[in-house]
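Comments concern the structure below.
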């Protein structure tokens, strides 16, 4: 323990030039300010790129959701209808085959209805996550821009 006290007393006995210390502090503070300004610029630039990217992703998700919902919601008869039109006479098809085709069409409509439900549930989850993320990053960007102005 005495050795640590001796080292403390040795430090206290050393002559100190306060002018050099003040100059070093000013130089360090200037460098810190430059780094702070540069880091603020980098943070603002990164936040702006991230915010723009997230807004674009959110817009793409919204457009894709709308397009998928419209495609699923369109009356499926025109694209699910078996080729019973044209040169084939419906009366010439056996009743069993016709009943199977009608059952298949009902199953396809039910599948589309469940697909629409799954799509909407997935979209709710994505919007909740992505919307919160976009809002947070955008808020961070505007906060940093405001701090830079001060």
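The values are calculated or read from the model by the stated rules, or taken from the named source; none is laboratory data. Predicted model only: the values in this text are computed from it and were never measured. Ideal geometry is used to build each Cβ from the backbone, glycine not excepted, and the neighbour counts take in all protein chains shown.
Restricting attention to region 110-150, the residues being surrounded by 13 or more Cβ atoms within 10 Å (Cβ to Cβ) and over 25 Å from residue 62 (Cβ atoms) number 2.
Got a sec? Which of 46, 53, 85, 125 is at pLDDT below 80 and either on the phi < 0 side of the Ramachandran plot or part of a helix (DSSP H, G or I) (or both)? Outline the logic, then answer.
Values: 46 fails: at pLDDT below 80; 53 fails: at pLDDT below 80; 125 fails: at pLDDT below 80.
Exactly one residue qualifies, and that residue is 85.
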